[in-house]
Amino acid sequence: MTIDLNPLSEAVIKGNIQAATQETQKALDGGGDPQTILDQGLIAAMDIVGQRFAAGAMFVPQMLRSAKTMQACVALLKPAFQAGTVSSKGTVVMGTVKADLHDIGKNLVAMMLEGAGFTIIDMGVDVLPEAFVQTVSEKSPEILGMSALLSTTMPAMKATIDALKDAGLRDKVKVMIGGAPVTAKFAGEIGADRYAPDAGSAVAAAKELLQTS
Amino acid sequence: MQLISEAQLSAIDKTAQRILERVGVKILDPDVRDRLHAAGNPLDTAKGVVRFDPSWLEDHLARAPSRFILYGRNRRHDLEMGSGRVYFGNGGRVFQIHEMTESRVRPTLLKDVAHTAALVDALDHIRFYIIACQAYDLAPAHYHLNDFYQSFGHTTKHVMGGVDTLKGMRQMVALAAAIAGGPQALRDRPFVSVMANPISPLTLDAETLRIMAFGAQNGIPLAVAPAPIAGATAPASLAGTLAQLHAETLAGVALVQFMTPGAPVMYGAVASTMDLRGMDLAMGSVESAMINTACVALARRYHLPIYATAGLSDAKITDIQAGFEKGVSNLLLGRAGADFIHLAAGMLDSGNAIAYEQYVIDNELLGMIERILRGIEVNEKTLGFDTIAQVGPGGNYILADHTVDHMLSEFFYPRLAVREQFDRWVDLGRPTPLTKAKALVDQHLKEPPFRLDPDTVDRLRKQFPQIVDP
């Protein structure tokens, strides 16, 4: 049998969580194949969202709402998959650095990465270098993402990278940094792997670092 | 035409009070939280959120002074807050500088603190100095001793700065007291002030509260200035952002009065908007200017002097966009009668960068606005009936005494705007405001005077051996 996935795609594009989760459940109940629902219903919708955003026809809040809608649908699909058949693109540990409480940029990046299929461990704000190190050691993420809004807290990024080195973990994780005062040059100076100027480029950079698509 | 009506202001004010009473403010210092709770404000311990009792709030807001002076080290630079006068100044604390002659951007250094202070000292329409930039060449241990030392060293205008830590605040106050001739002398004429800013939405950091308390106890005037971004850290509606900002500022002002009744504090407003097409901060947006303008009226409702915002631009370089964005907001805020308008000079790139030339250019714009604020003088002499009768139909006024009597007081003479006749302009090498500004920067920074006398410098260097040269 064929299931019409267009209403699901439309709901994801519109960012209507209620309609999208209902459509997902309907498709599952109707015997739909989870992989097909994922590929043709959800990912196809997010491709359109991406195109419309790139063309300036959708704004960031709309894109994020679609990403959130997709996450809710994926959560419904998960039990239907055989264990291990839906794999994460990778795990990203994130936080704002020591003494920096400004987290909107970090939260945006986390949402975008999650929407793109990464698993996020969000450590919140004001994260001490040793706390980052401990989490990297325990969770073995592929990427550590640090954010700073204040020029005065930027040095904590270097301190964290140095602490990773001291703990012998620097080679085990890729380090991405961002935030208003941060620059590519600064990233180079402190030995980070990547700098991303905004949430959209953070996703592209994360994929590039892990060589996934 | 009014930007906002009394009824609209009243609705915003009421909503802010509802926010404080029902939503509350997250206070990250448990001690302050407990003291507020003990004073009768409901506390949600798990969330660290204090909700404000309306009568407590009203009592504490009433303690804030409606007039005070931000002193200059030179008395002619005293700023009378709450007097109805409008003062424009620069803003801080950026991390990069455009070097136009080199066509490059570089991180800011201690020498840039010294140079921007010297420029502000030399430029008449920039009435106070805010420490303009981060000094990347300064070690954290004695950071604020040094950025404030260079500021005092290069201007006698009122100096304001942000401090990162209570330790830094202590260093600054010790230095300022030593310059003043003791703590009491500093208390009598505080020539330095500090901003202590809530984080939007509705959050007050523990270290900020400690800095606030120390400043209030030591007679250092404060600005409590949240910087909500409409569409990101505040609602996407202008009225919603105003309500939230108003709540944040009122909470901060009341807290200062709770710590030290009567402490001089400014109602701060640093509103901006987010361009939601790509999540780009839009500090030069027309809505930012509108929100900041409406805040002047909100501050006035509480008889509080305002630390207002204008003159920001999202332009990356000194260009047409920088000109029109700065022009619109500076004029709106100036016309609204804001007491203390910061960020009005030197800034580029959404508040991320400065350029020396931009200080000189903005000084000219501010001169024009000050001229507007001075208004049109109408009296027997300026109406000029006698000279009109004397010249009569068909004559001219070039040689009239009346012209010579009034030509200096009536007109603002720009130093940068190009007014020469076209051929003359070509002969001069086609100067622009930017080329003229570059020449003036060179002139002002060639040998800027050091504004502390040699004996004081000797004394300070002995007392604070951690002072370094840029």
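Ignoring ligands, DNA and RNA, what percent of the 1.4 Å accessible area of the range A:91-210 is carbon and sulfur? For the range A:91-210, the apolar C and S fraction of the accessible surface comes to 52 percent. As a length-normalised measure over Cα pairs under 8 Å and 6 or more apart, the relative contact order of the range B:349-437 settles at 39 percent.
Taking B:His98, B:His303, A:His102 and ordering them by how much accessible surface each has at a 1.4 Å probe, largest first, produces B:His303, A:His102, B:His98.
Cα centroids of the range B:129-175 and the range A:86-156: 31 Å apart.
Round to the nearest 0.05 the FRET efficiency obtained for B:Ala39 and A:Ala159 when R0 = 56 Å and r is the Cβ-Cβ distance. Plugging the Cβ-Cβ distance into 1/(1 + (r/R0)^6) gives 0.90.
Regarding chain B, what whole-number volume in Å³ per residue does the convex hull of its Cα atoms give?
Numbers: hull volume 84.4 nm³, N = 470.
Spread over its residues, the Cα hull of chain B gives 180 Å³ apiece.
Accessible surface of B:Arg51, taken over heavy atoms with a 1.4 Å probe and every protein chain present, rounds to 80 Å². Listed by chain and number, the aspartates and glutamates whose C-alpha is less than 18 Å from the C-alpha of B:Lys14, apart from same-chain residues fewer than 8 away, are B:Glu6, B:Asp53, B:Glu58, B:Asp59, B:Glu248. In degrees between 0 and 90, to the nearest 10, how far off the longest principal axis of chain A does helix A:129-139 point, with axes built from Cα atoms? That works out to roughly 40 degrees.
The 1.4 Å probe gives accessible areas that order B:Arg415, B:Arg210, largest first, as B:Arg415, B:Arg210. Per residue, the range B:217-318 exposes an accessible area of 25 Å² to a 1.4 Å probe, with every protein chain left in place.
Where a ≥ b ≥ c are the square roots of the eigenvalues of the C-alpha gyration tensor, would you call the range A:91-210 rounded, which needs a/c under 1.5, or, failing that, prolate if a/b is larger than b/c, or oblate?
Details: a/c = 1.27, a/b = 1.06, b/c = 1.20.
Cα axes put the range A:91-210 in the rounded bin.
With a 1.4 Å probe, what is the total accessible area buried between chains B and A, in Å² rounded to the nearest 100? Numbers along the way, then the final one.
Details: alone 21050 and 10790 Å², together 30630 Å².
For chain B against chain A, roughly 1200 Å² becomes buried.
Residues whose amide H lies under 5 Å from that of B:Gly278, counting only those 5 or more places away or on a different chain, are A:Val60; hydrogens are built 1.01 Å from N in the peptide plane. Phi-derived couplings, Karplus 6.51 cos²θ - 1.76 cosθ + 1.60 at θ = phi - 60°, listed residue by residue for the range B:460-470: 5, 5, 6, 5, 10, x, 7, 5, 10, 9, x Hz, with x used for Gly and Pro. Legend: residues in the range B:266-291 shielded by at least 30 square angstrom of accessible surface upon adding the remaining protein chains to the isolated chain (1.4 Å probe, heavy atoms) are B:Leu276, B:Arg277, B:Met279.
Taking only DSSP H segments of four or more residues, each worth -39500 (n - 2.57), what value at 222 nm results for the protein assembly as shown once the sum is divided by all its residues, to the nearest 500 deg cm²/dmol?
Numbers: 27 runs with 319 residues, N = 683.
Helices in the protein assembly as shown give a 222 nm mean residue ellipticity of -14500 deg cm²/dmol.
Compute the FRET efficiency between B:Asp319 and A:Asp29 as 1/(1 + (r/R0)^6), taking r as their Cβ-Cβ distance and R0 = 56 Å, and round to the nearest 0.05. Calculated transfer efficiency: 0.40. Its Cα centre serving as origin, the range A:91-210 has a Cβ charge dipole (Lys and Arg +1, Asp and Glu -1) of approximately 220 debye. For A:Lys172, the lysines whose Cα comes closer than 26 Å to its Cα, not counting residues fewer than 8 places off in the same chain, are A:Lys89, A:Lys98, A:Lys106, A:Lys139, A:Lys158, A:Lys185, A:Lys207. Less than 5 angstrom separates the built amide H of B:Met160 from those of B:Tyr129, B:Ile130, B:Ile131, B:Ser193, all sequence-distant by 5 or more or on a different chain.
Look at the alpha carbon pairs under 8 Å that are at least 6 residues apart: their mean separation over the length of the range B:68-374 gives a relative contact order of 19 percent.
Just the accessible area per residue of the range B:23-68, please: how many Å² with a 1.4 Å probe?
Numbers: 2440 Å² over 46 residues.
With all protein chains present, the range B:23-68 gives 53 Å² per residue.
Within a straight-line Cα-Cα reach of under 22 Å, B:Lys462 can be paired with the following lysines, leaving aside sequence neighbours fewer than 8 residues apart in one chain: B:Lys111, B:Lys167. Here chain A has an Rg and Dmax of 18.5, 60 Å, counting Cα atoms alone. Net length available on complete extension from B:Ala139 to B:Val418 is 96.0 nm, with 0.36 nm assigned per residue and the Cα-Cα distance removed.
Under a plain spin-label model, where a point goes 7 Å from the Cα along Cα-to-Cβ, how far apart in nm are A:Asp198 and B:Glu380? Taking the two extended label points, one gets 6.4 nm. 3J(HN,Hα) along the range B:270-287: 10, 7, 8, 10, 9, 7, 6, 5, x, 6, 9, 5, 10, 7, x, 5, 5, 5 Hz, from the Karplus curve 6.51 cos²θ - 1.76 cosθ + 1.60 with θ = phi - 60°, whole Hz, x for Gly and Pro.
The values are calculated or read from the model by the stated rules, or taken from the named source; none is laboratory data. These figures come from a predicted structure and were not determined experimentally. Here Cβ is always computed from backbone atoms with ideal geometry, including for glycine, and neighbour counts include all displayed protein chains. Note: areas computed on protein heavy atoms with side chains; ligands, DNA, RNA excluded. Shrake-Rupley method; radii C 1.70, N 1.55, O 1.52, S 1.80 Å.
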